[in-house]
1. Taking the stretch 17-50, which residues are among the small types (G, A, S) and within 12 Å of ligand 1 (Cβ to nearest atom)?
2. Does the stretch 25-38 include one or more residues that are in a loop (DSSP other than H, G, I, E, B), at pLDDT 95 or above and surrounded by fewer than 18 Cβ atoms within 10 Å (Cβ to Cβ)?
3. Given the conditions (1) touching a strand residue (DSSP E or B) at 6+ places or on another chain (Cβ under 9 Å); (2) modelled with pLDDT under 95; (3) charged (D, E, K, R), report the number of the one that E319 does not fulfil.
4. Applying the selection to the stretch 293-314, what residues are within 20 Å of G24 (Cβ to Cβ) and crowded, with 17+ Cβ neighbours inside 10 Å?
5. I want to confirm something. Restricting to the stretch 98-142 and keeping residues that are aliphatic (A, V, I, L, M) and over 18 Å from the mean Cα position of the chain (by Cα), which single residue is farthest from ligand 1 (Cβ to nearest atom)?
6. So in the stretch 273-293, with the set limited to residues that are among the hydrophobic types (A, V, I, L, M, F, W, C) and within 16 Å of ligand 1 (Cβ to nearest atom), which one is nearest to N234 (Cα to Cα)?
7. Please determine whether any residue of the stretch 80-96 is in the same structural domain as G156 (by TED's automatic domain parsing), farther than 28 Å from P311 by Cβ and more than 14 Å from ligand 2 (Cβ to nearest atom).
Amino acid sequence: SDPGLVERAAAAKAALGDRVFVLGHHYQRDEVIQFADVTGDSFKLAREAAARPDAEFIVFCGVHFMAESADILTTEAQRVVLPDLAAGCSMADMAVLEQVEQCWDVLSDLGIADDVVPVTYMNSSADIKGFVGRNGGVVCTSSNAKRALDWAYAKGEKVLFLPDQHLGRNTAVLEMGYSLDDCVLYDPHKPNGGLTDQQLRDAKMILWRGHCSVHGRFTLENVLAMREQVPGVNILVHPECRHEVVTAADYVGSTEYIIKKLEAAEPGSAWAVGTELNLVRRLAAAHPDKQVMFLEKTVCYCSTMNRIDLPHLVWALEELVAGRVPNQITVDPDTAHHARVALDQMLALP
Ligand code: 13P
Ligand code: SF4
């Protein structure tokens, strides 16, 4: 990266000292991650944000829903900054509050809403987390989805899982023993979600029709081709991948899990990894004694994660030095209150 910008970022960070804490998600660019005080998956970063009450500014190098969660989990006085406001998440955008409320009305009209516990993936707007908190549910991430579902099924008969159909299905079927027939796919663009009343009554898992555009690109063909080309290869994928990909893989887990799995791998072993490319490239560089490959052939970055680049980070830090707070992310108090209930419930999972 541009040496001038590297120097400026370092100087601005030094000038701010302990007043600023920079969080970096694993999918961030190298040029940005070098300035992160802590790197992590979305669960770890939420905990880290909550654990830094002394930092006046949290600069979140990640996407919008993560910065919102950080704002909810930090104190009133702390400011959360997202270096580029265009860093959203297409999956989070697939669940809009009015749609989810409509879905809840459908379930209420059927008389089954009381049996349903809403669970939302961290990758959702604060509005959706607030809805879930108001209705007795919980937030989960890819590293605690099973524990969140255990909790939800102890509380109610059915789960409405938002917004990632793949994480919901993969966890219910591969980790909880439910069958594919226990799951239905609710399409917010169709009346009644595109389902019959009976399907909704019978379902154990009502999956929202959302997905990650990055992880959705890995296919079963990618897995089969990799196994043919590299005999003995270990296939390691994120649970946002499609069900048939996760089923055909050897290991599945969150980004933190993927990192730990490669750290523990034998020298000389071969790994094909199905997750975002910035992370896979970094892992390949960190483990020259292992063969670490990308599961797909084409380039597969998360375009919104990549919006945060060094120029944006430098701009945000220099603004803070100048006494201005750029791109502050705030959640209104009522939404934040209810979203916090659902987030705290996640942080308290056994
Ligand atoms: P984790 O960080 O929880 O593994 O989720 C991956 C992701 O898609 C973040 O946007
Ligand atoms: Fe959203 Fe997928 Fe990008 Fe994560 S990787 S921020 S889920 S689009």
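1. G24, G40, S42, A46, listed by residue number.
2. yes
3. The single condition E319 does not satisfy is (2).
4. Answer for the stretch 293-314, where residues must be within 20 Å of G24 (Cβ to Cβ) and crowded, with 17+ Cβ neighbours inside 10 Å: C300, C302, T304, M305, N306, R307, I308, D309, L310, H312, L313, V314.
5. L110
6. V273
7. Looking for residues that are in the same structural domain as G156 (by TED's automatic domain parsing), farther than 28 Å from P311 by Cβ and more than 14 Å from ligand 2 (Cβ to nearest atom), one finds at least one in the stretch 80-96, hence yes.
Matching residues to (1) surrounded by fewer than 17 Cβ atoms within 10 Å (Cβ to Cβ); (2) touching a Gly at 6+ places or on another chain (Cβ under 8 Å); (3) part of a strand (DSSP E or B):
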{"position": "N222", "(1), (2), (3)": "no, yes, no"}
{"position": "A225", "(1), (2), (3)": "yes, no, no"}
{"position": "P231", "(1), (2), (3)": "yes, no, no"}
{"position": "I235", "(1), (2), (3)": "no, yes, yes"}
{"position": "P239", "(1), (2), (3)": "no, yes, no"}
{"position": "V246", "(1), (2), (3)": "no, no, no"}
{"position": "I259", "(1), (2), (3)": "no, no, no"}
{"position": "E266", "(1), (2), (3)": "yes, no, no"}
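The values are calculated or read from the model by the stated rules, or taken from the named source; none is laboratory data. Since the model is a prediction, treat every value here as computed from it, not as a measurement. All Cβ positions, even for glycine, are placed from backbone atoms using ideal geometry, and neighbour counts span all protein chains on display.
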